[in-house]
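No value in this document is a laboratory result; all are computed from the given coordinates. Here the structure is a predicted model, which means the values were calculated and not measured. Cβ: placed from backbone, ideal geometry, glycine included. Neighbour counts: every protein chain shown.
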């Protein structure tokens, strides 16, 4: 029986599983898996059951044993396994790199949009970028990728399908940049711990193949777009003609978004900004490594950055809980540093919280400055104009 005022179709729609809700459930399940993988050996009791000590610009916590906070900071005492410390001033440069990264991610869309003859004011690009970057980090299963195209469509003349093409280009170039960077730094990193080295190397190889195939796919798709259009016209004939026209219209706008591909100048600028963005990101990770006093070379910062970036490109959990920590700490194992020491655990939590905090603050700020409601962002669907 239908409820009062409800048709059978409306009742069926209510009972049908909501695709966005389903993704959140799957994302939460993935998060639970990676939380278990990342934290199953973490010494929570040692970290949470001890007071914090402030020694000048340093903070010391965890189970100190017979060591004093001052002796740990000065280096007179070795850091006990259940203790951790960090240089608070040494963390400040990383916060500046997060701000620089935000603006580079915004600016590198300008040449891509100009290739489509779109001049979007920086104010709009900055706002939609800030909101969407937070959504990408917070929403599960890459749902946040839909936010930027939808927001740009509301605030400018850029169509959703055009922006989605730019998202695809951006993700593929990001994937190739970080995998090549990871492959390069692995050549110079120690191979004493073969298992950890092999796991990261295997992940980098798989990711490189995936993104290389993706790049080849969109290039072929763009240059053979007329043949694709003719094929669709043949497939959708007769009573399906209207559906075919809609599909061809969406693809046409998507190909318009790929207009940057044959433009060498545009792609050189975009690639250069992408490389600068990831180099700054890797250096920022190393500043955090130094702030926590790990005795490793600068390469580990770039390996961590690339490992996290590749890990976050797979279907992710809400706020990348679990996945972020798991992939971040993998490169430390190459240097024989356990990912379950108090120092490694607190390092992972601080770096994750710094990224999330920056994105959430920027996202909320820009959300308050634009005529976009939080509901419009969180209920963004896969639609095209």
Modelled label reach - residue 157, point 7 Å along Cα→Cβ, region 257-292 residues with backbone N closer than 17 Å: 257
Residue 369 versus residue 265: modelled label distance in nm, points set 7 Å from Cα along the beta carbon direction: 3.0 nm
Nearest 10 degrees, 0 to 90: helix 122-138 Cα axis against the chain principal axis: 70 degrees
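Can you tell me the length gained on complete extension of the stretch residue 195 to residue 353, counting 0.36 nm per residue apart and subtracting the Cα distance?
On the way: separation 158, 0.36 × 158 = 56.88 nm, distance 2.88 nm.
Once the chain is fully extended between residue 195 and residue 353, it gains 54.0 nm.
Can you compute the FRET efficiency between residue 92 and residue 29 using 1/(1 + (r/R0)^6), with r the Cβ-Cβ distance and R0 = 41 Å? Round to the nearest 0.05.
Numbers: r = 37 Å, r/R0 = 0.90.
Computed FRET efficiency for residue 92 and residue 29: 0.65.
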Within region 167-205, backbone nitrogen closer than 20 Å to the virtual label 7 Å beyond the Cα of residue 104 toward Cβ: 167-186
Distance between modelled label sites at residue 360 and residue 41, nm, 7 Å Cα→Cβ extension: 3.0 nm
FRET E, pair residue 81, residue 57, Förster distance 22 Å, beta-carbon r, rounded to 0.05: 0.40
Degrees, to the nearest 10: 323-334 long Cα axis against longest axis of the chain: 50 degrees
27 Å tail of the calculated P(r), the chain, as % of Cα pairs: 56 percent
Degrees between helix 299-313 axis and first principal axis of the chain (Cα, 0 to 90, nearest 10): 40 degrees
